[in-house]
Amino acid sequence: MTESRLSYYGKPIIKEPVWKAEIPNYFFIGGLAGGSATLSAAARAAGNEQLARRALYVAAAGVTVSPYYLIKDLGRPRRFYNMLRVFKVTSPMSVGTWIVASEGTSTGIAAACELFGILPRVRGAAQVVSGLLGPAMASYTGALVADSVVPVWHESRRELPLLFASSSAAAAGGLAAALTPVASARPARRLGLLGAVAELVTHKVMERRMGELVAEPYKKGEGGRYAKAAEAATLSGVGLMLLAGRTRTGAAAAGVLLAAGSWSTRFAVHHAGKTSAADPKYTSIPQRERAAERGQPAVTG
Amino acid sequence: MQLGDGQTTYGLQIQPRMGFFTDTSVCIGCKACEVACKEWNLVPEDGLVWSGNSYDNTGELSANTWRHVAFIEQQLDDGMRWLMSSDVCKHCTHAGCLDVCPTGAITRTEFGTVVIQDDVCNGCGYCVTACPFGVISKREIDGDGGMHKCTLCYDRIEDGLEPACAKACPTKSIQFGPLHELLERAHGRLEDLHEAGVDDACLYGANEDDGVGGMGSVFLLLDEPEVYGLPPDPVDPTRNLGTIWGAAGAAAALLAVGVAFAFVGGGDD
């Protein structure tokens with residue numbers, strides 16, 4: 001009968017995401033801010049003031065820069081506030097808007113009180129809120145991209161939030177270790193190492209569970225390049241942190257490598273998504289297999 | 001009567017769910033639907049180019065093409081055949097675009113159709129990634145920046161008129177009406193074609209058990225959906241949102257545990 005094609009003249013079936021580099025940059029910075037906020041709150045509770053202060057400033061810098069990237073990527077930036085008129089649990093972006101707004105406010109208040117040495121009780125309360133929201137800030141972005149029809153994102157919906165959370169832990173721990181005197185930086189080093197190992201393992205598990213075809217955008221093109229860079233930076237960051245993390249220079253270099261790995265991970269996910277949407281085979285072949293297995297409800301007769 | 005998700009919230013103002021039945025077996029590829037749609041909806045010109053793909057020169061559905069006529073030339077054992085099909089937004093029962101829209105710009109009308117309110121949309125682009133059919137995209141013309149798609153001529157059907165494309169279609173390949181009536185007609189037409197020996201004829205989007213809960217735009221196709229650029233098994237990604245939020249919650253909890261674990265054994269070397 002007729003020649004079996006994957007799509008109409010090989011054109012994509014779904015549209016490529018319109019998000020530009022601002023979005024993976026935000027994923028990195030927002031994740032870093034979330035991880036740092038929680039690290040800071042925990043350090044405060046443990047009485048480690050040096051670490052608490054530095055991680056708080058990193059978190060504050062992150063939440064200050066984040067809205068810039070989020071708003072800049074909008075097609076109509078001047079209407080960003082329309083997101084603040086709605087709350088929808090069916091939209092991870094809507095939920096995320098409120099997480100970012102609350103995390104930004106609480107972290108900003110805590111950092112301002114810290115900087116000027118005023119209102120210790122307000123600072124304490126703000127820091128608790130900021131610390132509790134940190135993990136949500138670091139994870140929701142994984143849910144955001146997973147709730148899409150882009151095969152490489154949707155088929156890794158179970159792993160993406162953990163990948164983003166562990167990547168955030170690696171960056172937050174790494175940068176705090178780089179900025180804090182080594183004697184007070186042990187929890188930061190440990191968080192960086194833990195996050196980095198979890199990031200590497202989660203990425204491997206994610207690719208394996210998706211299967212060879214759907215995971216292919218992490219092996220080739222831009223997505224593949226960033227995935228390789230992420231793995232190399234994170235692995236060397238782990239090695240250096242273990243070997244030289246107790247020296248200031250070693251910790252600084254290792255911390256920067258872990259952050260670079262975390263940044264590359266978000267860009268790998270971003271570019272893999274674009275590749276996955278642009279080639280119709282990633283949409284058609286798995287859907288056909290699914291239809292062969294469970295029937296094709298969209299087609300009748 | 002099959003209703004669109006959320007349509008019931010209109011109370012006494014609720015209308016029968018309206019839709020399209022596009023019978024591709026009688027499409028002649030005249031593109032009157034494309035032209036009428038552009039004219040009525042003031043959809044801007046987005047380039048006049050030759051695609052080289054048969055008689056197609058609009059390529060795909062997008063912010064600037066709300067009806068797209070596909071032309072497929074196929075070599076058969078006994079000659080060739082020419083498939084033509086006018087594609088359009090599916091106005092899904094469970095619409096991914098509507099679910100993920102963070103501003104509430106995308107709404108369900110009293111007719112069960114899905115519409116983007118242009119004065120609310122801030123151009124975040126989330127709907128683009130949530131449509132299993134690649135219908136929505138961003139309009140980059142004259143600094144617009146917003147997302148656009150077929151409205152099923154909301155302004156016309158509110159006044160009792162039919163959408164511009166259906167009005168202009170000279171062969172009744174595009175039919176408009178209450179969805180339950182269209183479904184009846186579609187099944188009747190399918191039966192006729194099967195009786196006439198057109199075994200490949202099938203309906204697309206006529207089953208409410210599909211991944212989008214059934215479509216408001218139903219098609220009669222003469223080949224597999226992907227030949228026309230349609231996904232063979234479309235799914236609204238929000239259907240898996242429970243799993244996604246569960247994974248996010250678990251990830252957040254693990255991060256909190258990880259931070260606590262980092263402090264085990266004290267902060268000093």
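The values are calculated or read from the model by the stated rules, or taken from the named source; none is laboratory data. Just so you know, these numbers come straight off a predicted model, no measurement behind them. Because the Cβ atoms are built from the backbone with ideal geometry, glycine has one as well, and the counts that use them run over all protein chains shown. Just the protein is used for accessible areas: all its heavy atoms, side chains included, with ligands, DNA and RNA removed. Shrake-Rupley method; radii C 1.70, N 1.55, O 1.52, S 1.80 Å.
Points to keep in mind about this one:
- Single residue of A:Ala244, A:Ala260, A:Ala252, A:Ala227 found to be among the aliphatic types (A, V, I, L, M), touching a Gly at 6+ places or on another chain (Cβ under 8 Å) and closer than 24 Å to A:Gly62 by Cα: A:Ala260
- Qualifying residue in segment A:118-136 (condition: facing chain B (nearest Cβ under 7 Å) and surrounded by 24 or more Cβ atoms within 10 Å (Cβ to Cβ)): yes
- Enumeration of residues in segment A:94-130 that are aromatic (Phe, Trp, Tyr) and within 25 Å of A:Met83 (Cβ to Cβ): A:Trp98
- Scan segment B:91-126 for residues that are open to solvent by less than 10 Å² (accessible area, probe 1.4 Å) and assigned to a helix (DSSP H, G or I) and the total you get is 3.
- Residue within segment B:214-221 that is of a type in the set (A, V, I, L, M, F, W, C), closer than 30 Å to B:Thr58 by Cβ and either without any contact (Cβ under 8 Å) to a residue 24 or more places away in the chain or open to solvent by 10 Å² or more (accessible area, probe 1.4 Å) (or both) present: no
- The set of residues in segment A:99-119 being assigned to a helix (DSSP H, G or I) and farther than 16 Å from A:Val65 by Cα consists of A:Ala110, A:Cys113, A:Glu114, A:Leu115, A:Phe116.
- Among residues that are under 10 Å from the mean Cα position of the chain (by Cα) and part of a helix (DSSP H, G or I), A:Ser130 is not included.
- Filter result for the condition that a residue is touching a His at 6+ places or on another chain (Cβ under 6 Å), within 24 Å of B:Glu39 (Cα to Cα) and of a type in the set (S, T, N, Q), over B:Thr109, B:Thr151, B:Thr65, B:Thr113: B:Thr113
- Filter result (facing chain B (nearest Cβ under 7 Å), in contact with a Leu (Cβ under 8 Å, 6 or more places away or on another chain) and open to solvent by less than 10 Å² (accessible area, probe 1.4 Å)) within segment A:137-162: A:Ala138, A:Ser139, A:Gly142, A:Ala143, A:Ala146, A:Asp147
- Comparison of B:Leu190, B:Leu255, B:Leu179, B:Leu220 shows that the only residue that is of a type in the set (A, V, I, L, M, F, W, C), within 8 Å of another protein chain (Cβ to nearest Cβ) and closer than 27 Å to A:Gln287 by Cβ is B:Leu190.
- For segment B:56-83, the candidate set comprises residues that are open to solvent by 40 Å² or more (accessible area, probe 1.4 Å) and more than 10 Å from chain A (Cβ to nearest Cβ); within that set, the residue that is farthest from A:Pro12 (Cα to Cα) is B:Asp78.
- Filtering segment A:192-207 to residues that are among the charged types (D, E, K, R) and buried (at least 23 other Cβ atoms within 10 Å of the Cβ) leaves only A:Glu199.
- Positions within segment B:116-146 being among the β-branched types (Val, Ile, Thr) and farther than 18 Å from B:His68 by Cα, in sequence order: B:Ile116, B:Val120, B:Thr129, B:Ile141
- Count of segment A:167-188 residues which are assigned to a helix (DSSP H, G or I), open to solvent by 10 Å² or more (accessible area, probe 1.4 Å) and of a type outside the set (D, E, K, R): 6
- If you go through segment A:82-95 and pick out every residue that is within 8 Å of chain B (Cβ to nearest Cβ) and either in contact (Cβ under 8 Å) with a residue 60 or more places away in the chain or of a type outside the set (A, V, I, L, M) (or both), you end up with 7.
- Condition met for B:Ile28 (on the phi < 0 side of the Ramachandran plot, out of contact with any helix residue (DSSP H, G or I) (no Cβ under 9 Å at 6 or more places or on another chain) and of a type in the set (A, V, I, L, M)): yes
- A:Ile14 satisfies every condition listed in (1) assigned to a helix (DSSP H, G or I); (2) open to solvent by less than 10 Å² (accessible area, probe 1.4 Å); (3) not basic (Lys, Arg) except (1).
- Of all residue pairs spaced 6 or more apart or on separate chains, those with beta-carbon atoms under 6 Å, a first member in segment B:70-94 that is at positive phi and a second member that is assigned to a strand (DSSP E or B) and of a type in the set (Val, Ile, Thr) are B:His91/B:Val114.
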